[in-house]
1. Could you list all residues from region 378-417 that are more than 10 Å from the ligand (Cβ to nearest atom), surrounded by 17 or more Cβ atoms within 10 Å (Cβ to Cβ) and part of a helix (DSSP H, G or I)?
2. Of all residues in region 139-148, how many are crowded, with 24+ Cβ neighbours inside 10 Å and more than 18 Å from the chain's Cα centre (by Cα)?
3. Among the residues of region 79-90, is there at least one that is within 16 Å of the ligand (Cβ to nearest atom) and under 23 Å from the mean Cα position of the chain (by Cα)?
4. Which one of Phe339, Phe442, Phe370 is in contact (Cβ under 8 Å) with a residue 24 or more places away in the chain and touching a helix residue (DSSP H, G or I) at 6+ places or on another chain (Cβ under 6 Å)?
5. Given the criteria farther than 30 Å from Asp284 by Cβ and either in contact (Cβ under 8 Å) with a residue 12 or more places away in the chain or of a type in the set (Gly, Ala, Ser) (or both), does Asn148 qualify?
6. So if I check each of Glu66, Glu61, Glu73, which one is over 30 Å from Tyr165 (Cβ atoms) and either at pLDDT 95 or above or not in a helix (DSSP H, G or I) (or both)?
7. Is there any pair with a first residue in region 108-126 that is closer than 27 Å to Ser85 by Cα and a second that is hydrophobic (A, V, I, L, M, F, W, C) and near the ligand (Cβ under 6 Å from one of its atoms) whose Cβ atoms are under 6 Å apart and which are 6 or more apart or on different chains, and what are they?
8. Answer with yes or no whether Lys305 is within 24 Å of Gly389 (Cβ to Cβ) and of a type in the set (D, E, K, R).
Amino acid sequence: MESFNYIDKVLENQKIYFESQKTKNIDFRIRQLDILKMAIEDYEDKIIKAVKLDFNKCEFETYETEIGFVLSEIKYVRNKIKRWSKSKKVKGSLLTPGSKTYIYNQPYGVSLIISPWNYPFQLCISPLIGSIIGGNCCIVKPSELSPNTSKIIKEMIKEYFEEKYICVIEGDIQINQYLLKQKFDYIFFTGSPMVGKIVMKSAADNLIPYTLELGGKSPCIVDESCDIELIAKRIVWGKLLNGGQTCIAPDYIIAHKNIKSRLIDSMIKYIEQFYTSNPLTSKDYTSVINKRHFERIVSLIDYDKVIYGGNLDTQNLKIEPTIMDNVNLEDKIMKEEIFGPLIPVMKFDNTEKLLYIIKQNPNPLALYLFTKNKKFENEILSRVSFGGGCINDTIMHITNPNAPFGGIGNSGIGNYHGKQSFDTFSHKKTVMKNLANIDIKFKYPPYTKKAYKI
Ligand code: NAD
């Protein structure tokens with residue numbers, strides 16, 4: 001764990017380095033992206049091993065959702081940063097004839113990135129890409145619950161970057177609390193809504209701009225007008241990816257009463273096709289992060305409602321994919337974000353009932369809707385507020401760098417990925433350049449009646 005003195009020194013040095021103006025240069029930013037890419041490729045095996053040690057994450061998923069994800073993000077933004085960073089001229093106003101107005105993208109200064117453990121590499125590096133393309137210096141604080149990945153990120157960044165530009169600070173919550181008291185110029189936080197509130201309050205003390213990427217209970221609605229087989233496959237994949245520990249995982253399923261039992265049968269078929277009839281021993285099935293979360297998830301299981309799964313491997317912290325049927329809003333599992341491989345299923349027979357259920361947990365991070373009924377689709381999209389989501393799929397919206405990713409209210413404030421990462425990490429500075437020889441007399445006192453007509 002780093003000392004508070006060390007943090008003070010790094011922050012001070014980063015502030016000085018930012019003032020040197022080096023990080024603002026666009027070629028510098030592109031060079032840093034290239035270095036980051038090189039570092040990740042060099043550390044690929046070490047990253048996969050570290051994530052495996054932290055929570056036995058399936059190796060293919062580590063490549064797909066952590067390493068591959070950020071490498072393609074680097075490639076995408078590298079090709080566009082020159083265009084995005086140019087100042088933009090906008091139309092003038094009638095009150096200042098002949099003037100020109102520009103919007104400049106101004107880096108904030110030194111940013112702080114605080115990340116959770118569930119995608120321990122991606123959720124540190126993806127915002128870091130935003131900080132780099134925005135022209136900022138950065139302190140990254142990975143989660144203490146994934147210590148092996150935290151250590152590898154620290155080692156990688158230390159080897160490839162000067163700490164006056166990017167530095168990884170490791171440690172427990174005390175370190176986070178200390179960091180949050182410092183005068184950063186931007187805070188980017190990913191984690192739970194509960195800690196999000198702490199971050200927001202700390203940012204308020206120093207009026208620091210921030211982004212909060214939080215979580216919540218994301219509904220998955222299955223209408224009767226669907227191809228059940230494909231839906232079941234996509235739901236099971238999205239739910240059990242990363243052992244169910246994905247912020248945008250479908251949290252619970254609300255299926256139309258006419259197809260609910262067929263959907264459940266199909267989901268069981270795909271669970272076994274993906275992870276065998278004994279998922280606890282499948283190499284592709286990821287463990288729960290720690291004993292505390294394991295016990296928390298197990299406490300959400302109501303064995304009277306379990307119709308599939310329910311077995312546990314306490315030693316390896318694995319919980320079988322577990323389907324609970326006839327769940328209702330009073331059940332414990334509907335009171336908090338599950339963040340694990342439990343699949344509660346509810347039913348609906350009309351839209352109002354469905355909306356009533358969804359609105360018990362307002363502003364979810366994601367919403368998934370499986371339907372072929374365009375009218376129903378439009379109604380759900382216009383009446384439910386949520387961060388983002390998919391029609392006829394799960395998770396995949398996060399893979400499109402052309403669109404912003406983020407929550408709303410309880411599930412987050414602000415967005416990132418692709419162009420949105422650039423915008424998030426740069427202040428839009430509007431500057432009007434006025435003419436020195438044309439002036440509107442009426443705007444100055446003493447005011448005359450003519451002034452009202454301007
Ligand atoms: P968490 O909120 O417990 O921890 C996140 C970070 O905050 C960690 O680095 C931790 O060290 C720090 N932290 C914890 N308590 C703190 C405190 N009292 N003061 C200051 N810092 C503190 O979240 P988690 O368990 O690591 O991650 C799971 C949550 O994150 C879920 O709610 C999930 O939905 C959400 N999440 C959201 C996204 C997204 O992109 N929106 C992505 C991943 C996870």
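The values are calculated or read from the model by the stated rules, or taken from the named source; none is laboratory data. None of the values given here were measured: they were computed from a predicted structure. Ideal geometry is used to build each Cβ from the backbone, glycine not excepted, and the neighbour counts take in all protein chains shown.
1. Those that are more than 10 Å from the ligand (Cβ to nearest atom), surrounded by 17 or more Cβ atoms within 10 Å (Cβ to Cβ) and part of a helix (DSSP H, G or I): Ile380, His397.
2. 0
3. We begin by selecting, within region 79-90, every residue within 16 Å of the ligand (Cβ to nearest atom); these are none.
Checked against the condition, which is being within 16 Å of the ligand (Cβ to nearest atom) and under 23 Å from the mean Cα position of the chain (by Cα), region 79-90 yields no hits at all.
4. On the way: Phe339 fails: touching a helix residue (DSSP H, G or I) at 6+ places or on another chain (Cβ under 6 Å); Phe442 fails: in contact (Cβ under 8 Å) with a residue 24 or more places away in the chain.
Unique residue meeting the criteria: Phe370.
5. Details: farther than 30 Å from Asp284 by Cβ: no; either in contact (Cβ under 8 Å) with a residue 12 or more places away in the chain or of a type in the set (Gly, Ala, Ser) (or both): yes.
Judged against the criteria, Asn148 is not a match.
6. Numbers: Glu66 fails: over 30 Å from Tyr165 (Cβ atoms); Glu73 fails: over 30 Å from Tyr165 (Cβ atoms).
Going through Glu66, Glu61, Glu73 in turn, just one is over 30 Å from Tyr165 (Cβ atoms) and either at pLDDT 95 or above or not in a helix (DSSP H, G or I) (or both): Glu61.
7. Ser115/Leu123
8. Details: within 24 Å of Gly389 (Cβ to Cβ): no; of a type in the set (D, E, K, R): yes.
The answer is no for Lys305.
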